[in-house]
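Chemist: Here it is, the structure, as structure tokens.
What follows draws every value from the coordinates through simple rules; no lab data is involved. Every value quoted in this text rests on a predicted model; they were computed, and no experiment measured them. Glycine gets a Cβ as well: all are built from the backbone with ideal geometry, and neighbour counts include every protein chain shown.
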Amino acid sequence: MRLSMMFVVAVVLFACGSFCSAAEGSKPKYDMSPYKALAEEALKLIASKEYPAAEKKIVECEDKFDAGTTKLKAADRKVWTVIDKQMDVAIDAVKAAKDAASAKKATDEINKFITHLADADKVK
């Protein structure tokens, strides 16, 4: 009985080790979730017609992105530049948001920025 119990423990530990390794392997190398979260906060502010607050939030996103993505920039400057340029477009659109039409444009540009963030997952 004692031998079979040790076998079960060994199997469980092996399975946990395999699962934990697989879970760690699925974590993106360049974590874009903080920037996505800030962009999503800006979207909520635009939806609430709080345009100056949305502008502050998207500028905060840019500042954090510029400071926090130096490794991504070094690994793949092209991907980093595409994301950064789209952020600039989004910022300009948010700054111009004054009514429903311009708010829609700002929303669309922020959503494009969020979409481009996924490109960082492909960088090795």
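Chemist: Among 64-73, 108-117, what's the highest-first ranking by average C-beta atoms within 10 angstrom per residue? Numbers along the way, then the final one.
Modeler: Numbers: 64-73: 14.7, 108-117: 18.6.
Result, highest mean first: 108-117, 64-73.
Chemist: Measure up LYS71/LYS95; LYS78/LYS112; LYS71/LYS122 against 19 Å on the Cα-Cα distance and list the ones that go over.
Modeler: Numbers: LYS71/LYS95 29 Å; LYS78/LYS112 16 Å; LYS71/LYS122 14 Å.
The answer is LYS71/LYS95.
Chemist: One quarter of the convex hull surface, Cα atoms only: what value does that give for segment 33-122 in nm²? Each step should come with its number before you reach the end.
Modeler: Working: hull surface 19.3 nm².
Value for segment 33-122: 4.8 nm².
Chemist: At a 10 Å Cβ-Cβ cut-off, how would you order SER102, SER48, fewest neighbours first? Intermediate results must be reported in sequence, preceding the final value.
Modeler: Numbers: SER102 16, SER48 10.
Final ranking by Cβ density, sparse to dense: SER48, SER102.
Chemist: Work from the charge dipole of segment 22-124 (Cβ charges, +1 for Lys and Arg, -1 for Asp and Glu, about the Cα centre) and give the residue of ALA74, ASN111, ALA37 farthest towards its positive end.
Modeler: The residue sitting most towards the positive pole is ALA74.
Chemist: Return the distance in nm (one decimal) between the two label points of a simple spin-label model at THR115 and GLU41, each offset 7 Å from Cα along Cα→Cβ.
Modeler: 2.5 nm
Chemist: Using the crude model of +1 on Lys and Arg Cβ and -1 on Asp and Glu Cβ, and no other charge, please compute the dipole size for segment 33-122 relative to its Cα centre, in debye to 20. List each step's numbers first, then the result.
Modeler: Numbers: 17 positive and 17 negative charges, 22 e Å.
In debye, rounded to 20, segment 33-122 gives about 100.
Chemist: Separation between the ASP92 and ALA67 pseudo-spin-labels, each 7 Å from Cα along Cα→Cβ, expressed in nm?
Modeler: Going by the 7 Å Cα→Cβ label model, 2.6 nm.
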